[in-house]
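The values are calculated or read from the model by the stated rules, or taken from the named source; none is laboratory data. Predicted, not measured: the structure shown is a model, and the values here were computed from it. Because the Cβ atoms are built from the backbone with ideal geometry, glycine has one as well, and the counts that use them run over all protein chains shown. To get the accessible areas, we keep the full protein, side chains included, count just its heavy atoms, and leave off ligands, DNA and RNA. Shrake-Rupley method; radii C 1.70, N 1.55, O 1.52, S 1.80 Å.
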Amino acid sequence: MDKTFNPQAIEQDCYADWESNGLFKASGEGEPYCILLPPPNVTGSLHMGHAFQHTIMDTLTRYHRMKGDNTLWQCGTDHAGIATQMVVERQLDAQGKSRHDLGREAFIEKVWDWKAESGGNITQQMRRLGTSPDWDREVFTMDENLSKAVTEVFVQLHKEGLIYRGKRLVNWDPVLHTAVSDLEVVNEEEAGHMWHMRYPLEDGSGELVVATTRPETMLGDTAVAVHPDDERYQGYIGKMIKLPLTGRLIPIIADDYVDQEFGTGCVKITPAHDFNDYDMGKRHDLEMINILTDDAKLNQEVPEAYRGLDRFEARERIVNDLDEKGILVKVEPHGLKVPRGDRSGAVIEPYLTDQWYVAVESLAKPAIDAVESGEIKFVPENWNKTYYQWMHNIQDWCISRQLWWGHRIPAWYDNEGNIYVGRDEASVRAENNLADDVQLAQDEDVLDTWFSSALWPFATMGWPDETPELDTFVPSSVLVTGFDIIFFWVARMIMMTKKFTGKIPFKEIYITGLIRDEQGDKMSKSKGNVLDPIDLIDGISLDALLEKRTGGMMQPQKAEKIAKRTRKQFPEGIASYGTDALRFTFAAMASTSRDINFDMGRVEGYRNFCNKIWNASRFVLMNTEDADTGKGASADSIELSMADQWIWARFYQTVGEFEQAISQYRFDIAAQALYEFTWNQFCDWYLELTKPILNAENSTEAQKRGTRHTLVNMLEQLMRLLHPVMPFITESIWQRVAPLTDCEMHDNASIMIQSFPAKPKQLDNTVLGDVEWLKKVIVGIRNIRGEMDISPNKPLSVILRNASEQDEQRFEAMSLYLTRMAKLDDVKVLAVNEKAPPSASAIVGDMEVLIPMAGLIDKDAELARIAKAMDKIEKDVLRTQGKLNNESFVSKAPAAVIEKEKAKLADASQQLHKLQEQEKTIRAL
RNA sequence: GCGUCUAUAGCUCAGUUGGUUAGAGCGCUACCUUGACAUGGUAGAGGUCCCCUGUUCGAGUCAGGGUAGACGCACCA
């Protein structure tokens with residue numbers, strides 16, 4: 001074995017073996033345990049958020065597999081309609097072509113080509129992360145079977161009237177030329193203006209001043225509204241306005257939507273281009289004049305001068321013209337929320353089109369109930385409030401997209417404009433008795449990507465066919481995902497799964513935090529702070545990292561700043577930390593917090609942890625590989641030392657802590673337990689405690705065998721415990737150590753399919769106390785050495801004063817450990833009344849550990865040390881006395897708490913007394 | 001406007017139903033190349049738990065108010 005851990009040397013081979021041996025498959029035995037992978041974009045690549053969530057899912061999957069559950073991690077990828085289509089369109093654009101030049105069929109073929117080219121990328125990266133989903137069950141949302149489910153759901157919902165087609169105002173992206181759902185629109189505060197304009201009455205008897213942030217929409221105004229109770233305008237209601245620039249006559253109407261306090265209290269109404277105006281238009285039966293084309297230019301409905309102008313250009317022209325005509329009263333700066341498409345960044349237009357909708361109200365009810373009843377639990381729990389808030393105000397879902405890449409809507413039109421929905425054209429004809437000569441054209445639109453994602457829990461299990469997987473793995477056990485897609489995905493899966501299977505899709509929803517950079521900023525290409533998980537695994541040179549961060553930028557002017565920052569943070573690039581260190585980091589950072597600032601220092605620390613494990617194993621193997629480890633030996637030929645018994649007891653405590661933490665999705669606590677045990681107990685103490693036995697001349701063969709037996713078996717079990725989080729290093733070490741134990745080894749033996757360490761029924765707690773005592777004595781002596789500046793190499797004589805019977809027994813039993821680990825050449829137990837020479841001292845319970853000062857210890861230094869210790873304890877004594885002297889504390893606090901305080905006071909007073917005695921003795925020298 | 005979250009060591013974060021002296025990692029200081037490991041060992045320093053008021057025998061933890069910041073939803077003529 002190498003002296004330092006080298007992850008590259010082991011990871012790839014390991015994975016190939018697992019996969020080719022079929023170890024990722026559900027066993028078919030035991031309790032079902034299932035996790036659904038949130039399908040990543042098929043042509044995407046693995047980012048830190050994926051790596052984080054996948055680590056958690058894989059840890060759960062591996063843990064449950066080892067626990068003997070029938071464990072399935074169902075994986076797959078998403079066709080990601082808009083995102084993928086945009087990528088391919090950009091490629092075409094580079095060749096000076098648009099998708100329309102190719103035509104629908106050829107374009108879609110291009111997308112499939114792109115999928116074939118880049119589609120394996122993210123799944124290969126997942127393999128690098130060590131994830132263990134059942135790859136043979138991998139599905140793609142546009143696979144035949146999933147598409148079948150999509151059609152089936154659409155047809156059934158349509159039949160029930162829950163999918164309908166309607167002309168309504170939608171969020172229109174004028175760059176992508178498609179409708180998008182409410183969720184795909186982000187409203188950001190931007191600086192704008194408020195224009196006030198005079199609208200003259202038709203009869204010339206006056207005017208109303210209206211204010212707007214979008215003056216160009218005035219060309220589509222079909223009313224002006226005032227509040228019905230507004231005294232200022234009582235005389236105006238019902239009169240007509242002559243709309244400037246167009247000369248159209250529009251009514252003044254009264255509607256209590258109008259806020260009298262805001263602006264002038266008069267609102268221009270443009271029903272075809274504003275959601276509120278649309279509602280008002282419906283209420284008052286107003287004309288709806290669409291003045292825009294689908295790329296947001298003014299259309300034929302407007303005066304000739306403005307036709308064909310882009311909306312922003314038109315705004316300028318109209319404002320100018322109004323100003324010239326004296327219609328513009330004033331312009332004020334005004335902050336407003338601007339709706340933009342989350343993909344294109346374009347300003348979204350409310351636009352009147354025909355679209356398909358899902359009527360969600362009846363679907364939402366059972367989905368709300370499922371969470372309210374506790375059948376589905378959010379972890380952390382308060383996310384259910386976010387869920388309820390959205391679900392209780394849910395709007396119908398616009399599911400049609402004017403794209404080409406996606407599931408084509410299963411609807412056909414005849415020449416009369418009749419719509420037929422069905423599984424395919426033939427069944428539409430059959431079901432509707434349409435003659436062969438009736439021409440049918442399929443709807444051009446495709447479905448929102450999230451429509452197919454919503455079916456993930458059951459469509460991946462074979463629905464609409466009746467399959468065993470539907471029975472076994474629906475509901476799945478837990479969904480691991482981010483809060484950013486609770487509405488997009490989680491809520492819709494609950495609705496659809498309830499609707500079509502009658503079951504919930506998952507029992508728990510573990511909402512992870514969002515990975516941010518070390519300063520708490522979101523990672524983004526434009527900020528240049530993106531970390532690629534693969535680069536943390538393999539390492540990357542500074543040059544390559546700079547190229548990655550600054551190459552092909554949308555805003556090249558930022559490149560220099562990014563390069564500077566990158567050079568500063570990674571002057572030598574990024575080191576190779578290996579998968580296990582990265583995974584451990586993610587686990588350790590997975591607390592309940594919603595933002596997780598990724599700290600490179602943690603990765604480095606856990607890389608060191610891997611190295612520690614590696615070297616501990618090296619030590620174990622060095623001492624056992626060519627020796628008798630008691631394999632197959634009878635129990636009576638193996639003599640376990642106190643240290644051996646202690647480490648087992650400590651180990652199972654840790655197993656308990658780990659399992660408890662995992663059951664609550666506290667991966668940070670679980671990781672902490674693993675780290676603490678492995679480093680601070682196993683390495684720092686246990687391995688050191690084996691050395692005296694292995695090296696002592698007078699150890700018996702049974703004792704040495706016992707120690708070796710514990711070394712290999714402990715390490716073997718520890719690897720199992722660590723395996724769910726750190727699959728590679730544990731497999732690699734396990735392969736070496738398991739043959740030294742009684743584990744059954746066959747050709748395809750892997751740690752992956754060993755059972756998880758199980759706590760024996762009885763744990764001997766007495767050894768725990770014994771070894772804790774030993775540790776205290778050793779630490780006390782080391783402390784004196786450290787603070788007195790006595791070389792660790794200098795052997796010391798030690799005297800134990802006021803030792804109880806138990807102290808003496810413990811000393812007898814562990815003197816070998818004590819003398820070796822504290823480097824003592826002599827230990828003497830002082831008899832009662834026997835005088836000790838002047839000494840430095842450490843206190844362990846009632847016992848004092850004395851190190852004679854002669855020739856070793858500086859009087860002043862020891863006095864200083866005692867003063868420091870007394871200071872600490874004095875404060876303690878005072879605080880405790882204060883509490884116990886407080887009558888209300890004594891009368892009101894629970895007895896157990898008072899007892900504790902009393903014991904504490906007694907202990908502290910005794911220690912203080914001893915320190916005072918020591919001080920007197922030393923001062924007298 | 002409605003709702004959610006965060007504030008603890010220089011940095012990144014734990015801290016359970018209120019109850020020992022508030023913890024970890026990194027960083028820092030001193031010493032140590034000891035046959036597993038310097039990606040290491042030993043010892044140590046470092047805290048006004050954001051502020052105020054309250055409840056309580058007792059508050060980092062609970063309540064009210066405030067400050068600073070993050071996010072979601074709705075609305076903004």
Nearest-0.05 FRET efficiency for residue A:329 and residue A:231, computed from C-beta distance (R0 30 Å): 0.90
Report the convex hull volume per residue for segment A:701-812, counting only C-alpha atoms, in Å³. 194 Å³
Ordering of A:263-271, A:776-784 by packing [mean C-beta count within 10 Å, highest first]: A:263-271, A:776-784
Translational D in µm²/s for segment A:303-342 (Stokes-Einstein at 20 °C, 1.002 mPa s, Kirkwood Rh from C-alpha pairs): 176 µm²/s
With the full set of protein chains in place, find how many percent of the accessible area of segment A:473-548 is carbon and sulfur; take the probe as 1.4 Å. 52 percent
Distance in Å, no decimals, from the C-alpha centre of segment A:763-811 to the one of segment A:373-417 is 66 Å
Among the aspartates and glutamates, which fall within straight-line cross-link reach of residue A:900, defined as a Cα-Cα distance under 13 Å, with same-chain neighbours fewer than 8 residues apart omitted? none
At most 13 other Cβ within 10 Å, DSSP loop - trypsin sites (Lys or Arg not before Pro), segment A:819-891: A:835
Calculated Rg and Dmax of segment A:793-888 using C-alpha coordinates, Å: 16.5, 54
Any idea what angle helix A:81-94 forms with the longest principal axis of chain A, computed on alpha-carbon atoms, 0 to 90 degrees, nearest 10? 80 degrees
In whole Å, what are the Cα extents of segment A:105-246 along the three principal axes, biggest one first? 78, 42, 34
Could you work out the Rg to Rh ratio of segment A:834-918, with Rh taken as the Kirkwood radius (inverse of the mean 1/r over all Cα pairs)? 1.12
Summarise the long-distance tail of P(r) for segment A:1-139 by giving the % of C-alpha pairs beyond 26 Å. 39 percent
Could you tell me which chymotrypsin sites (Phe, Trp or Tyr not before Pro) in segment A:256-322 are loop residues by DSSP with no more than 14 other beta carbons within 10 angstrom of their beta carbon? A:257, A:262
Å² of accessible area per residue within chain A, as computed with a 1.4 Å probe and no ligands counted: 45 Å²
Distance violations [Cα-Cα > 32 Å] among A:776/A:920; A:148/A:365; A:828/A:883: A:828/A:883
Kindly state, to the nearest 0.05, the FRET efficiency for residue A:920 paired with residue A:683, given R0 = 45 Å and r defined as their beta-carbon distance. 0.65
Based on DSSP H runs of at least 4 residues, each adding -39500 (n - 2.57), what is the mean residue ellipticity at 222 nm of chain A after dividing by all its residues, to the nearest 500 deg cm²/dmol? -14000 deg cm²/dmol
Sorted largest first, extent of segment A:291-378 alpha carbons per principal axis (Å): 65, 32, 24
Tell me, how many Å apart are the Cα centres for segment A:566-620 and for segment A:695-761? 25 Å
Which net charge results when you count Lys and Arg as +1 and Asp and Glu as -1 among the other residues whose beta-carbon is under 15 Å from that of residue A:757? +3
Taking all protein chains as present, what is the carbon and sulfur share of the accessible area of segment A:716-767, in % to the nearest whole number, probe 1.4 Å? 45 percent
For chain A, what's the relative contact order in percent, using C-alpha pairs closer than 8 Å and at least 6 residues apart? 11 percent
On the first, second and third principal axes, largest extent first, how far apart are the outermost C-alpha atoms of segment A:561-664 in Å? 70, 36, 20
Give me the percent of the accessible area of segment A:316-443 that comes from carbon and sulfur atoms, probe 1.4 Å, all protein chains in place. 44 percent
Helix A:491-501 against the longest principal axis of chain A: what's the angle in degrees, Cα atoms only, rounded to the nearest 10? 80 degrees
In square nanometres, what is the average projected area of the Cα convex hull of chain A? 53.8 nm²
If the cut-off is 25 Å between C-alpha atoms, which lysines fall inside it for residue A:525, apart from same-chain ones fewer than 8 positions away? A:115, A:337, A:548, A:558, A:561, A:564, A:568
Compute the long axis of helix A:559-569 from its Cα atoms, compare it with the longest principal axis of the Cα atoms of chain A, and write down the angle in degrees, 0 to 90, nearest 10. 10 degrees
